[in-house]
């Protein structure tokens, strides 16, 4: 809920309190505390430092699907690499399944699907699973048994004797998922698991993730596909520029953003919207004046008597002419503001044919937290992916009212 | 271990999936198929080759004498000379007057013609020659029993008997190579045993160098250079290092796995070659399989560099480039090292020593005579640098008094037994700071001086000639006086010239009065001198019935009372002629025929009446001259040839005691010094605590052993009864000039750089089971090549450990 304090734009780089840490340790599978990573490089001009992760703290609880979001260069991969022990942190501490990151015990209980899995050309799916199983210190019988199960699960049964060079990227990803699950890990780290898959493949992977979640596995998911994250993740963390911008359940993150109400008012002979005169005060103080020659002038709303309705108490209100109605849209902070607006319209005799409220989508939350500058960087990569998120705006109320009103207007 | 084995096994599978591997396999199979038809057969050694006539001067003089000396008419030599082709005979007749040069191949051709037409043979004429046992056996065969090959062999042996010493001894059997049943037109005059040794010590290391050391290593690097860069791809590396395995183990497993490519290729090639050697060449030597680990080890050196470059730059191309650069650097260091060995340290190696009073004189492999300078703690050269030539040959000096040594330098003697021109004795006198002074002519081809009683003996392949030591000393004094007076009195020179002129006139008158026969005898005398016969001062001392045939060796025994002589399988021992008698030849006391390979290089040493005979590639034999029997024989060293033997005590313990049991030092070609002694009726051998020994000698005055080792260091030691060495003096010359560069620059560089080129020596050593090889240089000398078996292994091993440690450090510490 707004103002709960769980997640907001100032959460970045926040350090967990000792109390939080202790509480988190008890049930957290991934526990990261003020983790930092600085890369050093040497050039002709001298030594260069790049701070890839700047003090990130987070926890992933047992049994949850934890999403990690962020634009390119946000430090997500660096964070995952640190969790897997691939690189060493510069500062801070972290545990995975109660073990220090990078320890053999921790790694033996983690399954990892890298972003672009490479399997040597001489392998078949089955021989690759045998190889990775041995690297995970599994015995031959277990490898054979688990291979059968997982090949079935990821849909590679029947093609398991083919050389991987004939595999499509989707098949590679499925094979990667199978190898990540082979040794029955307690924590699964998936880096872009649906990357390169067709919609059907994505759906299958999503279902696998859901089944694993239902089976009590903890999943750490790094993905660009916001819809995917929205659909399967219990909690997400958003990173940008090496800092944690927000963390929490998706609903909670959305509640931190702005809410919007949309009211459709029926246009009649008198009650209609018309361009306001030049000496009239604009209703929308926030609306930026459109100075283009062909632009439609700002609208004003008149009552049945043709009198201008005074909506000065709603400075953010915006008008849009619809086919049979005028749409009023306004960002709100409390239900009282909606009630006041509805009362004002009804007192003026306006017929309300539709009313809906909408919370912030994940993408909007993402864009809000990451910022336009960074968001523009992200947009290239995630333009297509984010379409789904736009469509997925959560309509919470009165769709039935809206449809009824449209029907009435039609009559 | 299981995960790491999985990585190694995965590399095996990866290698098998490589097309280049199968292309390499195909190339290997084609090569093996091409080599498989090679075969050989043993044939009788019959044809004469130009190389066998290393002493063309002597052979030429012999044949010429057979033509013009009336005394040789009807003898074996005369009949053989007469059977030479007309053009050759025409040249031979001019030799006595003009020393006409005749090509070796022309002489060989003439002798080969005689093989086909034996009309020159006369049984009676050949009765007086030294006939080898083999010839006697063949002579027993009737014309019906003898095969054509045996007949030609018999003809060759008859020719050799007629020309004693004129030809280098060759084994009775030669090797004839064939391909798919077709014999090559050239025979290799080596025994089967020698042939197999050649294959083991030379052919296989060469194949190792080129096939395994160059082609396969390069191919292997091409194929494996991508292993590490591919592993470092994010989608591969991150997955691998997220597994519960150590990075160190992962990298090592990848490294071992990378070597599997070469292992697969090398196994096929070496096993194939081994099978061909066994099947076609009857060389059943499992040690050939040592090539497999050595070749993989060689590849491992370069692969470690490729791996490090791959880790650093993540690029296969750069890995290959860096590895090739490294290979080039190793090659350059190896070449420079070889040059230093050949031109800096090699020529300084001491080849013989002689001590008189407190002065030590040595000869070096670089044909230099040196005397030790205590004040400078270094060796002083006695020859000017300009006069030292590698093709010359220095005769080991002997001391004829406390102040005087004698030696000789045979110009061109390295390749021609008799050298070019006449040979003069060099006197090295303390009073003249040992500067060599030519004194008097010595017999052509003299290879050894010995002091036997009051006689100075000169031995060449034709016989043993002597001059009194006192006479030599007198000549030295005269020469010194002449040199002192030189220039002081020119008048006396004119008088002398006049006197000479008078003598010449008298001689001319005499010539006019001489008959043709006398003139001919004069020419014959010339020819005798040309073929190593008597000269003015040196006269034959052997009984007429003793004719020497190479290989030869001689030593003094029984406290200086006996002379022991070895001549191609026979051992003679002589006593000095009684001073009161008129006899001028040695008294033959006994002789003994030794079994085994009589053509093998032989060394002798005597202690009292005990004599040690060491023949190449045979056990050393201990003989008791008193009984004329073989006491026993014993293998010394691990299959390495004996290159020198020395007594450890040559003076009788008590007066008239000439039957001292004796002890001997034996030097094997691997540079190890052994003690051979008699324990009851049995012989025992043990190593003495010195390595890298080049030569040994015995100083009779001090009864000490002189040991030259580590290039130019000398130990003067006594050997205690328990085999420990008691050092009297150690000579450690301070390196100077290029030797200093070698010590301070080249050797450290060679130690730090993996000497991959020397791994072929490791192969030669392992395959042959020897630490060295000794190639005969004639007259008991051998060109010794010591294999550095463990040095390259150590150097390469240390390099691999260093590079892999660095790689592991980078891989473990670096963020990927």
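Pick out, from the stretch A:42-96, the strands (runs of 3 or more DSSP E) lying fully within it that include 3 or more residues that are free of Cβ contacts under 8 Å to residues at least 40 places away in the same chain. The qualifying strands (runs of 3 or more DSSP E) are A:46-61. Restricted to helices (runs of 4 or more DSSP H) entirely inside the stretch B:698-816, those with at least 3 residues that are crowded, with 16+ Cβ neighbours inside 10 Å are B:759-768, B:790-813. Does residue A:146 meet the test of being free of Cβ contacts under 8 Å to residues at least 40 places away in the same chain, within 33 Å of the chain's Cα centre (by Cα) and at the interface with chain B (Cβ under 10 Å from one of its Cβ atoms)? In short, no. Is the stretch A:86-93 home to any residue that is more than 12 Å from chain B (Cβ to nearest Cβ) and surrounded by 21 or more Cβ atoms within 10 Å (Cβ to Cβ)? Among the residues of the stretch A:86-93, not one is more than 12 Å from chain B (Cβ to nearest Cβ) and surrounded by 21 or more Cβ atoms within 10 Å (Cβ to Cβ), which makes the answer no. Working only within the stretch B:665-690, note down all residues that are under 19 Å from residue B:351 (Cα atoms) and modelled with pLDDT of 85 or more. Scanning the stretch B:665-690 gives B:665, B:666, B:667, B:668, B:669, B:670, B:671, B:672, B:673, B:674. Here the stretch A:228-268 is the region considered, the condition is being farther than 18 Å from residue A:370 by Cβ and in a loop (DSSP other than H, G, I, E, B), and the residue that is modelled with the highest pLDDT is A:234. Taking the criterion of being in contact with a helix residue (DSSP H, G or I) (Cβ under 9 Å, 6 or more places away or on another chain) and either in a helix (DSSP H, G or I) or at the interface with chain A (Cβ under 8 Å from one of its Cβ atoms) (or both), the residues of the stretch B:222-233 that qualify are B:222, B:223, B:224, B:227, B:228, B:229, B:230, B:231.
Put simply, of A:159, A:174, A:207 the only residue that is more than 13 Å from chain B (Cβ to nearest Cβ), more than 30 Å from residue B:228 (Cβ to Cβ) and part of a helix (DSSP H, G or I) is A:207. If you filter the stretch A:177-190 down to residues that are in contact with a helix residue (DSSP H, G or I) (Cβ under 6 Å, 6 or more places away or on another chain) and either in a helix (DSSP H, G or I) or modelled with pLDDT under 90 (or both), you find that the one that is nearest to the other protein chains (Cβ to nearest Cβ) is A:179.
Scan the stretch A:118-138 for residues that are over 17 Å from residue B:234 (Cβ atoms), at the interface with chain B (Cβ under 10 Å from one of its Cβ atoms) and outside any helix (DSSP H, G or I) and the total you get is 6. Suppose we filter B:91, B:71, B:41, B:98 for residues that are within 30 Å of the chain's Cα centre (by Cα) and not assigned by TED's automatic domain parsing to the domain that holds residue B:550; which single one remains? None of the others qualify; the one that does is B:41. Regarding the stretch B:158-181, can at least one residue be identified that is part of a helix (DSSP H, G or I), surrounded by fewer than 20 Cβ atoms within 10 Å (Cβ to Cβ), away from chain A (no Cβ under 14 Å) and touching a residue at least 60 places away in the same chain (Cβ under 8 Å)? No: zero hits. Out of B:30, B:5, B:35, I need the residue that is farther than 30 Å from residue B:156 by Cβ and either at pLDDT below 80 or within 14 Å of chain A (Cβ to nearest Cβ) (or both). Which one? Result: B:5 is the single residue among B:30, B:5, B:35 that is farther than 30 Å from residue B:156 by Cβ and either at pLDDT below 80 or within 14 Å of chain A (Cβ to nearest Cβ) (or both). Screening residue A:115 against (1) modelled with pLDDT under 90; (2) within 11 Å of chain B (Cβ to nearest Cβ); (3) under 33 Å from the mean Cα position of the chain (by Cα); (4) not in a loop (DSSP other than H, G, I, E, B) leaves a single unmet condition, (4).
Of all the numbered requirements in (1) surrounded by fewer than 23 Cβ atoms within 10 Å (Cβ to Cβ); (2) more than 15 Å from residue B:308 (Cβ to Cβ), residue B:238 misses one, and that requirement is (1).
For the stretch B:103-120, a residue qualifies if it is in a loop (DSSP other than H, G, I, E, B) and either modelled with pLDDT of 90 or more or farther than 20 Å from residue B:148 by Cβ (or both), and exactly one does: B:103.
Scan the stretch A:94-112 for residues that are in contact with a helix residue (DSSP H, G or I) (Cβ under 7 Å, 6 or more places away or on another chain) and more than 10 Å from every other protein chain (Cβ to nearest Cβ) and the total you get is 6.
Residue-by-condition table, conditions (1) touching a strand residue (DSSP E or B) at 6+ places or on another chain (Cβ under 8 Å); (2) modelled with pLDDT under 90:
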site	(1), (2)
B:331	no, no
B:337	no, no
B:362	yes, no
B:381	yes, no
B:399	yes, no
B:414	yes, yes
B:420	no, yes
B:424	yes, yes
B:438	yes, yes
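Listed conditions (1) away from chain A (no Cβ under 14 Å); (2) surrounded by fewer than 22 Cβ atoms within 10 Å (Cβ to Cβ); (3) in contact (Cβ under 8 Å) with a residue 60 or more places away in the chain are all met by residue B:247, apart from (1).
Tally time: how many residues in the stretch B:107-127 are surrounded by fewer than 18 Cβ atoms within 10 Å (Cβ to Cβ) and touching a helix residue (DSSP H, G or I) at 6+ places or on another chain (Cβ under 7 Å)? Here the count works out to 2.
The values are calculated or read from the model by the stated rules, or taken from the named source; none is laboratory data. Since this is a predicted model, take the numbers as computed values, not measurements. With ideal geometry, Cβ positions are generated from the backbone for all residues, glycine too; neighbour counts draw on all protein chains shown.
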